[in-house]
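Peer 1: I'd like to ask some things about the structure below.
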Amino acid sequence: MDSDERLLHFKGFNFERSTVDIDILENLEDFDIRDDDVFIITYPKSGTIWTQQILSLIYFETHRKQTENVETADLVPSLEYNIRKVDFTKRPSPRVFCSHLPYYLVPNGLKNKKAKIVYIYRNPKDVITSYFHFSNFVAVLEGCENMDMFIHKFLDGKVAGSLWFDHVKGWYEHRHKFNILFVSYEEMKKDLKSAVQKLCNFLGKELSDDDVDAVVRQATFKNMKSDSRANLSNILKKEVGTKSDGHFMRKGTIGDWKNHFTVAQSERFDMIFQRKMKDIPLKFIWDINEE
Ligand code: PPS
């Protein structure tokens, strides 16, 4: 199938056609934002479900203390990929959402700067690596024969989420319009406890040391991978569909791109990255041993 058939091009942005909620898309601008709403915003494969898990554990004591048996994706649903057709107007506050939307498509109410946005970004070579495997794993995305083809597609923005550069730059350059915190996947990976504390500070949540430890414990790669409520396995197997063996929680590390990029691919990507990102002072970490 041609990739265009699987993608829905809506207002300049590519969505995965079969799982996106068209009603939500058509009414995004006016989607009613509450002051205590929180949005996790990411380009795909940048740490979305990880941050869903972290914020869910921070916000919902029943999750943190494991007194309720609910999937994280139900506690922190996706706004536009509303697969379970939740009526968000009926959800109790505080509502925590995740979303892959670009800055120019989010509900207008976010511009009153009361509701909060946590923007998670990841070094794009690892995003590409993760996305390449994900495309060959889930049924709803067009698979790709090899990395070279996928890098081309990614650099053309012909994937759900469109062009990575536009997403990250767009959010960064328009940050003053929103109440937003930028956190990198890599800083979470290198020091999860400090990242959880940074998130708590921004969100105005005062957690005891024991509670912070409980969040960290339940948000490690190993624990999420073995917890079907946290790792999307139910949604992927039963609702989205898979086309190969694999796992959403694949490697969960920094620098796996080195196992998949040739030197030539890496150098070409570096040149494009340096040109496009030269005015963006966000810190990117490409290697697990980098400070
Ligand atoms: S999606 O499809 O856009 O929602 O994907 P997303 O959740 O943004 O990204 C998936 C990658 O995040 C990794 N992941 C984690 N890494 C470290 N620690 C934890 N706890 C964790 N949870 C998810 C997941 O493994 C995917 O990365 P790769 O590199 O493919 O392993």
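Peer 1: Could you tell me which residue of segment 65-110 is least open to solvent (accessible area, probe 1.4 Å), considering only residues that are under 16 Å from the mean Cα position of the chain (by Cα) and among the small types (Gly, Ala, Ser)?
Peer 2: Step by step, filter segment 65-110, then rank; the result is Ser99.
Peer 1: I'd like the full set of residues that are in contact with a Gly (Cβ under 7 Å, 6 or more places away or on another chain) and among the hydroxyl-bearing types (Ser, Thr, Tyr), limited to segment 76-103.
Peer 2: Correct list: Tyr103 only.
Peer 1: Could you tell me which numbered condition Gly157 fails, if it satisfies all but one of (1) away from the ligand (no atom under 12 Å from the Cβ); (2) open to solvent by 40 Å² or more (accessible area, probe 1.4 Å)?
Peer 2: (2)
Peer 1: From the list Gly143, Gly109, Gly161, exactly one residue is in contact (Cβ under 8 Å) with a residue 12 or more places away in the chain and on the phi > 0 side of the Ramachandran plot. Which is it?
Peer 2: After applying the criteria, what remains is Gly161.
Peer 1: I'm checking my understanding of the structure. Among residues of segment 21-64 that are more than 29 Å from Phe132 (Cβ to Cβ) and of a type in the set (S, T, N, Q), which one is farthest from the chain's Cα centre (by Cα)?
Peer 2: Of everything passing the filter in segment 21-64, Thr62 is farthest from the chain's Cα centre (by Cα).
Peer 1: Here's another thing I want to ask about it. For segment 18-26, indicate whether the set of residues that are β-branched (Val, Ile, Thr), within 30 Å of Met188 (Cα to Cα) and either touching a residue at least 40 places away in the same chain (Cβ under 8 Å) or not in a strand (DSSP E or B) (or both) is non-empty.
Peer 2: Yes, segment 18-26 has at least one match.
Peer 1: I would also like to ask the following. In segment 100-140, what residues are part of a helix (DSSP H, G or I), more than 26 Å from Cys200 (Cα to Cα) and either touching a strand residue (DSSP E or B) at 6+ places or on another chain (Cβ under 8 Å) or more than 16 Å from the ligand (Cβ to nearest atom) (or both)?
Peer 2: Answer for segment 100-140, where residues must be part of a helix (DSSP H, G or I), more than 26 Å from Cys200 (Cα to Cα) and either touching a strand residue (DSSP E or B) at 6+ places or on another chain (Cβ under 8 Å) or more than 16 Å from the ligand (Cβ to nearest atom) (or both): Tyr104, Leu105.
Peer 1: Also, quick follow-up: Within the bounds of segment 187-208, is there any residue that is at positive phi and within 10 Å of the ligand (Cβ to nearest atom)?
Peer 2: no
Peer 1: Scan segment 209-246 for residues that are closer than 27 Å to Asn82 by Cβ, more than 14 Å from the ligand (Cβ to nearest atom) and part of a helix (DSSP H, G or I) and jot them down.
Peer 2: Hits for segment 209-246 are Asn234, Lys237, Lys238.
Peer 1: Moving on to the next point. Going by what's in this entry, would Lys113 be described as farther than 29 Å from Asn289 by Cβ, open to solvent by 10 Å² or more (accessible area, probe 1.4 Å) and not hydroxyl-bearing (Ser, Thr, Tyr)?
Peer 2: yes
The values are calculated or read from the model by the stated rules, or taken from the named source; none is laboratory data. Just so we're clear, the structure is a prediction, and the values are computed from it rather than from any experiment. Note that each Cβ is placed from the backbone with ideal geometry, even for glycine, and that neighbours are counted across all protein chains shown. SASA here: full protein model, heavy atoms, side chains in, ligands and nucleic acids out. Shrake-Rupley method; radii C 1.70, N 1.55, O 1.52, S 1.80 Å.
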